[in-house]
Amino acid sequence: MRIQPLADSHGRVATDLRVSLTDRCNLRCTYCMPAEGLDWLPHEEALTDDEVVRLVGIGVEQLGITEVRLTGGEPLLRRGLPGIVARLKQLDPAPELSLTTNGLGLARVATALHEAGLDRVNVSLDTARREDFKRITLRDRWDDVVAGLDAALAAGLEPVKVNAVLQRGINADQAPELLTWCLDRGLRLRFIEQMPLDAQHAWQREAMVTADEILASLGTRFTLTPTGTARGSAPAEEFLIDGGPETVGVIASVTRPFCGDCDRVRLTADGQIVNCLFSRDESDLRTPLRAGADDVELAELWVKAMAAKLPGHGIDDPTFLQPTRPMSAIGG
Ligand code: SAM
Ligand code: SF4
């Protein structure tokens, strides 16, 4: 079948699909969700397993998607996740399949996911200190995340990456400590600048720990040198640690945006195409899918949704407005 690329009018082509499998979560990271009061999607609005596989299949088999990352909310809360993974890996051509998770419950399913065809995991962990984990996520589950990381390594879901967000007054000074902790365990750490995507709309630019600050803090204990490989569409700038071979990454979406090289597109748990994390527009595929649209019609709607992608996220623009839905609903 002829591949129709997901091109926009700024010369970019999307090949990396992030699929949100649920907007629900069992943690309450303060930069992401409020402690309580966030409404979940009604069940009937969420795509079924068959619908997820059909839409991702159109992306992979007709629209040139080569990488699929399963996320949320917390994707491990999705019942039947190994089954979804297995069906996605059977697509032709088989996509690279990865999972972004908070790690809770990963210890139980890491091997099954790997056997089903999952290639890699990213586990979010912001601190090596149990007490601070509780402050950040509002749940006392640090040990479960660590068990999940151990299981991911044992299952061969490598490289196992750790995503960390730093917050002033909590863990902003812990970058070197967390990096040491990760290096000791063979985990690849990447810091992510905090973005205005929280459900509470409480993000403040001045409060954000910047990439420059993170690098300066790491520089107090490590010698970092850029790996020299072009960042391209990969959002993380990678640095060799003390000459390598280990590396650490910084994803500076706010202070060093990489929109010009973006190759991503998102499918929400309720079947909307979101062409940028910061887009305020969504394109509905669920309604036509449930009304009987065929694959060609759905592919055309998807292509149209991508063509309208804006050149950048515009966070620095005085008129910037956060998207209506938080990252947990769009798919982080
Ligand atoms: N629940 C899973 C997890 O935490 O990995 C997957 C979804 S979560 C939204 C995906 C990633 O987004 C996590 O690494 C999380 O730390 C990050 N994240 C959430 N809110 C963020 C924000 N406001 N700014 C930057 N990163 C954020
Ligand atoms: Fe849940 Fe992930 Fe958001 Fe934390 S960052 S509240 S684990 S969705």
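Of note:
- Acute angle (nearest 10 degrees) that the helix 175-185 long axis makes with the longest principal axis of the chain, alpha-carbon atoms: 80 degrees
- Measuring with a 1.4 angstrom probe and ignoring ligands and nucleic acids, ASP173 comes out at about 110 Å² accessible.
- Size of segment 1-43 as Cα extents on the principal axes (Å, biggest first): 46, 25, 15
- Between the alpha-carbon centres of segment 249-288 and segment 39-82 there is a gap of 15 Å.
- Cα lying deepest toward the dipole's positive end in the chain, options ALA202, ASN275, GLY186, charges on Cβ: GLY186
- Degrees between helix 142-155 axis and first principal axis of the chain (Cα, 0 to 90, nearest 10): 70 degrees
- The residues of segment 101-210 expose on average 40 square angstrom of accessible surface per residue, using a 1.4 Å probe on protein heavy atoms.
- Cross-link partners of LYS161 among lysines, defined as those whose alpha carbon lies under 26 angstrom from its own and excluding same-chain residues fewer than eight positions apart: LYS89, LYS134.
- Separation between Cα centres of segment 177-221 and segment 118-158, rounded to whole Å: 16 Å
- Among GLY243, GLY169, GLY83, residue whose mean-square fluctuation peaks in a GNM of the chain (springs only between Cα atoms under 10 Å): GLY169
- Cα-based shape type of segment 182-332, given that a ≥ b ≥ c are square roots of the gyration tensor eigenvalues and the cut on a/c is 1.5: prolate
- Once you divide the Cα radius of gyration of segment 105-260 by 2.2 N^0.38 Å, the number left is 1.05.
- Hydrodynamic estimate: the Kirkwood radius of the chain over Cα pairs, inserted into Stokes-Einstein at 20 °C and 1.002 mPa s, corresponds to D of 106 µm²/s.
- Taking the C-alpha atoms only, the angle from helix 49-62 to the longest principal axis of the chain is near 90 degrees.
The values are calculated or read from the model by the stated rules, or taken from the named source; none is laboratory data. As the structure is a computational prediction, the values presented were derived from the model and not from experiment. So basically every Cβ, Gly included, is an ideal-geometry build from the backbone, and we count neighbours across all protein chains shown. Accessible surface areas use protein heavy atoms only, side chains included; no ligands, DNA or RNA. Shrake-Rupley method; radii C 1.70, N 1.55, O 1.52, S 1.80 Å.
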